[in-house]
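What follows is one structure encoded as structure tokens, with my remarks underneath.
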Amino acid sequence: MTQKNTKFAIELIDVERSFGQQQVLKKVNLVVREGTTTVIVGPSGQGKSVILKHMLGLLKPDAGKVLVYGQDMASMSKRQMKEVRKDFGVLFQNVALFDSMTVFDNVALPLRERTDTSETEIRDNVEEKLALMDLAEMGAKYPAQLSGGMKKRVGLARALVMKPRIVFFDEPTTGLDVSKSNEIYRLFHKTQAKLKYSAVIVSHDVPKIFKLADYVALIHDGEILGNMSPEQFQLSDNPVIRAFVEETMGPIYSSEREERFFYEKV
Amino acid sequence: MMWMVHTVGRFFQKLGGDFLFYLEQAGRMGIFLGACLLSIVRPPFKLGPIVRQMHFIGSRSTFVILFTGSFTGMVLALQGYYTLRKFGSEGLLGAAVALSLLRELGPVIAALMVVGRAGSAICAEVGIMRNSEQIDALECMAIDPYKYLMAPKFVAGILSMPLLTAIFDMAGIVGGYLVGVSMLGVNKGAYFQQMYASVVWNDVKMGLVKSLVFGLLIIWISACKGYFLHLERSGGFGAEGVSRVTTDAVVLSSVAILVWDYLLSAIML
């Protein structure tokens, strides 16, 4: 991945959010640069998905701003938010497919509900996306008849069918084995190269997820640390980042840190 | 003395907390209803989803409505016959059965049947959609969940309920006829003649208005309970959460039907 663009798709400025007495986000500042992949990592329960829900407009901050292409999500009307969300594609952690619809109908849903496209065009578009996900023969099946990996691929096809400018991935490989995870990453890389979307990925899958990232941000104690390239992240002197890297990638000794820089560009 | 002050303090704290919770819930339900009714009149209008919901709420309830309607009419005739016989007024049986059904029992029992069959299913369906992030997915796809999910259910509920009530009333009158005329020997002509003479448009209108209101209440409460499953105080997630809100929806809908039945009767009589 290359760091090619400095225009911001999303900016979080001093975002705060509490649930009851518990403050989950404390002055979160984060930018997602257009056309790049930003990965948010961190231990469970630190608020990764909460950040994602703020970006999607599903939660409103108690304080601070969430700007999507310069527009503040927190102060938008429902109608304005609907317009902004037309640029979004989302792959949910548990995929959120509609169980009573076939795979084809799930992928076709945004086209049918949001556009006046003819059924012929919808069919062509959906079949193209399913073929891109290696699911060409699966259109007539129901989600319950698919494996976990296939469901994720259907979710990705649905997320991409409207050609979004920003795609959000909430734990895209949770519950998948190594080969299925690699398949999702391969499809991510392939589709991003083709459709040129900005991506925000919330993931536990360290260090593998670093291969896809242009920027890595760590959420710790309600704040964002890092948001730097994976190389810089792994070599960071910040004690919290260092502790996280050591915990997730194994102990790294100062003398070995440069050598330990093992991953290759995708 | 101090423990008493603490106990009283805790009591009022809980009372205040409960009051605020129920006030918030009532406000949320009001806003939900407004948003659903607005979504009905906002384009685009699609007939397909409404027909599918009418099939689910209406057509698939027909058998249970026919069955319960018949037996309600039969028991009304049986009880009515022995009461009227004491006064030598068996000929009024048809009028008694028809008026009881049209004004009260038809709309109320049909609505209770629909609560049990369709209301619970709607609440569970919407609740599961909330739990599995399907409603969030709709919002993120810029698809209005009120328009896509709720509007067809509301239209179908409001249209289906009067039709189901009419079927219930008809089945009840036929059931009453079977027991009163065929089994107990009430004169066939008297059964229908007295019915014709006693039932006026206002009786039909009362049943119609009640069934429309009950249709709205059932869908409103059932859908709203499922939609806001995640905001339940006792924690709405998981299978247990869905079962809890479904039970709540059935109980609340049934109580609301009986309360509104009294209010509408008081207004319209």
Worksheet item: Can you find a residue in the range B:140-148 that is surrounded by fewer than 21 Cβ atoms within 10 Å (Cβ to Cβ) and β-branched (Val, Ile, Thr)?
Response: yes
Worksheet item: Under 7 Å by Cβ, and 6 or more places apart or on different chains, what pairs join a residue from the range B:93-105 that is free of Cβ contacts under 8 Å to residues at least 60 places away in the same chain with one that is surrounded by 23 or more Cβ atoms within 10 Å (Cβ to Cβ)?
Response: B:ALA96/B:GLY80; B:SER100/B:LEU76
Discussion item. Of everything in the range A:67-93, what is farther than 17 Å from B:LEU138 by Cα, touching a residue at least 60 places away in the same chain (Cβ under 8 Å) and either within 13 Å of chain B (Cβ to nearest Cβ) or part of a helix (DSSP H, G or I) (or both)? Give them in sequence order.
Written reply: A:VAL68
Worksheet item: Does A:LYS180 fit the bill of being in the same structural domain as A:LEU109 (by TED's automatic domain parsing), out of contact with any Ser or Thr (no Cβ under 6 Å at 6 or more places or on another chain) and surrounded by 15 or more Cβ atoms within 10 Å (Cβ to Cβ)?
Response: no
Item to complete: Determine which member of the set B:ALA110, B:ALA137, B:ALA121, B:ALA98 is out of contact with any helix residue (DSSP H, G or I) (no Cβ under 7 Å at 6 or more places or on another chain), in a helix (DSSP H, G or I) and buried (at least 23 other Cβ atoms within 10 Å of the Cβ).
Response: B:ALA137
Fill in: Of the criteria (1) exposed (fewer than 13 other Cβ atoms within 10 Å of the Cβ); (2) in contact with a Leu (Cβ under 9 Å, 6 or more places away or on another chain); (3) of a type in the set (A, V, I, L, M), which one B:ALA223 fails
(1)
Discussion item. Among the residues in the range B:33-54, are any within 21 Å of B:ASP169 (Cα to Cα) and either in contact (Cβ under 8 Å) with a residue 12 or more places away in the chain or of a type in the set (Gly, Ala, Ser) (or both)?
Written reply: yes
Worksheet, complete the sentence: Per the list (1) within 14 Å of the chain's Cα centre (by Cα); (2) charged (D, E, K, R); (3) not assigned by TED's automatic domain parsing to the domain that holds A:VAL216, residue check on A:ARG112 breaks on (1)
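Residues are listed down the side, and each one gets a yes or a no for (1) in contact with a Gly (Cβ under 7 Å, 6 or more places away or on another chain); (2) of a type in the set (Val, Ile, Thr); (3) surrounded by fewer than 16 Cβ atoms within 10 Å (Cβ to Cβ); (4) in a helix (DSSP H, G or I):
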site: B:LEU178; (1), (2), (3), (4): no, no, yes, yes
site: B:ALA190; (1), (2), (3), (4): yes, no, no, yes
site: B:VAL213; (1), (2), (3), (4): no, yes, no, yes
site: B:SER265; (1), (2), (3), (4): no, no, yes, yes
Worksheet entry | Inter-residue pairs, beta-carbon under 6 Å, first away from chain A (no Cβ under 11 Å) and in contact (Cβ under 8 Å) with a residue 40 or more places away in the chain and in the range B:139-152, second among the aromatic types (Phe, Trp, Tyr) and part of a helix (DSSP H, G or I), 6+ apart | none
Item to complete: Report, by residue number, each residue of the range A:100-125 that is surrounded by 14 or more Cβ atoms within 10 Å (Cβ to Cβ), under 28 Å from A:GLN145 (Cα atoms) and within 14 Å of chain B (Cβ to nearest Cβ).
Response: A:MET101, A:ASP105, A:ASN106, A:VAL107, A:ALA108, A:LEU109, A:PRO110, A:LEU111, A:ARG112, A:GLU113, A:ARG114
Worksheet item: Here is a list of conditions, (1) in contact with a Pro (Cβ under 9 Å, 6 or more places away or on another chain); (2) free of Cβ contacts under 8 Å to residues at least 40 places away in the same chain; (3) facing another protein chain (nearest Cβ under 8 Å), and A:LEU58 meets all of them except one; can you say which number that is?
Response: (1)
Discussion item. Just the residues that are within 11 Å of chain A (Cβ to nearest Cβ) and over 26 Å from A:PHE169 (Cβ atoms), please, taken from the range B:122-138.
Written reply: B:GLU125
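The values are calculated or read from the model by the stated rules, or taken from the named source; none is laboratory data. Model, not experiment: these values are computed from the prediction. Using ideal geometry, Cβ is built from the backbone for each residue, glycine included, and neighbour counts are taken over all protein chains shown.
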